1. Return the total of residues in region 94-103 being over 14 Å from the mean Cα position of the chain (by Cα) and either buried (at least 16 other Cβ atoms within 10 Å of the Cβ) or within 19 Å of GLU148 (Cβ to Cβ) (or both).
2. Examine region 90-110 for a residue that is in a helix (DSSP H, G or I), in contact (Cβ under 8 Å) with a residue 40 or more places away in the chain and closer than 25 Å to ALA46 by Cβ, and state whether such a residue exists.
3. Hey, does region 150-157 have a residue that's charged (D, E, K, R), within 25 Å of TRP80 (Cα to Cα) and surrounded by 14 or more Cβ atoms within 10 Å (Cβ to Cβ)?
4. Cβ-Cβ under 6 Å, sequence separation 6+ or interchain: first residue in region 185-203 and within 18 Å of ARG172 (Cβ to Cβ), partner in a loop (DSSP other than H, G, I, E, B) and of a type in the set (Gly, Ala, Ser). Which pairs?
5. Just checking, which of LEU17, LEU51 is buried (at least 21 other Cβ atoms within 10 Å of the Cβ) and under 18 Å from LYS79 (Cα atoms)?
6. Kindly establish whether ARG127 is buried (at least 20 other Cβ atoms within 10 Å of the Cβ), in contact (Cβ under 8 Å) with a residue 24 or more places away in the chain and touching a Phe, Trp or Tyr at 6+ places or on another chain (Cβ under 9 Å).
7. Quick check, is ASP147 farther than 24 Å from ALA174 by Cα and of a type outside the set (A, V, I, L, M)?
Amino acid sequence: MNRDAIDARRLRNRALLYLASLAEPETIALAFQQFERARNMTDAEAALAALVGVDARERERALDAFYRRWKHDPLVLDKWFRLQALSPLPDTLERVIALASHPDFNLKNPNRVRALLGAFAHGNQVRFHGRDGRAYAFFAQRVQALDELNPQLAARMVSAFNQWRRFEPTRREAMRGELERIASQPRLSKDTAEIVQRALGRG
């Protein structure tokens, strides 16, 4: 495929993302049609990316089909986790919590952790920073569990809280509380403790 064809595909898939975000029956159908007819993973992924942002039955149908087709390809399955973690829909936190218990999710798999937890905390600013603080609590708990398995990765994950002082009081205090909770863990690794203490202004 030449450069012009690559650019045309990229533009088409970007346009599809914007059209699907309108959440009109016609635009959702267009995205699902591309998903069903895709002859390559790039177009299928682009269509799925468009569909995960809309509350429609086509979303679940596409997610199920993508999983069935690619579940034996670890790198592609990472994309399946990541796209759901980046969804702007209100149910994203609940979905991420459920995916953290999915048979194909394992804290011992760094790429899978980055795809789900990393994408959610570092890439989904709207849903991670929900005003009720539930996402912070869930994420902090997962960071603590991860710290026992992979301290270096846990340290990178917890940096999602680094900018807590820049938020309004409710979110700021919720993030600070989770940092304090992590810091209080008696067996916290040096890697994670360093990031947490620095974020709290003690390092």
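1. 1
2. Yes, that holds for at least one residue.
3. Yes; the residues of region 150-157 include at least one that is charged (D, E, K, R), within 25 Å of TRP80 (Cα to Cα) and surrounded by 14 or more Cβ atoms within 10 Å (Cβ to Cβ).
4. That search, which allows pairs on different chains as well, returns GLN197/GLY203.
5. Within the list LEU17, LEU51, the selection yields LEU51.
6. Criteria met by ARG127.
7. Considered against the rule, which asks whether it is farther than 24 Å from ALA174 by Cα and of a type outside the set (A, V, I, L, M), ASP147 comes out as no.
Let's see how each residue does on (1) outside the structural domain of ASN124 (by TED's automatic domain parsing); (2) over 19 Å from ALA115 (Cβ atoms); (3) among the basic types (Lys, Arg); (4) part of a loop (DSSP other than H, G, I, E, B):
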site: THR27; (1), (2), (3), (4): yes, yes, no, no
site: ALA31; (1), (2), (3), (4): yes, yes, no, no
site: GLN34; (1), (2), (3), (4): yes, yes, no, no
site: ASP43; (1), (2), (3), (4): yes, yes, no, no
site: GLY53; (1), (2), (3), (4): yes, no, no, yes
site: GLU60; (1), (2), (3), (4): yes, yes, no, no
site: ASP64; (1), (2), (3), (4): yes, no, no, no
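The values are calculated or read from the model by the stated rules, or taken from the named source; none is laboratory data. This structure is a prediction, so every number in the text was calculated from the model and none was measured. We place every Cβ from the backbone using ideal geometry, glycine too, and count neighbours over all the protein chains shown.
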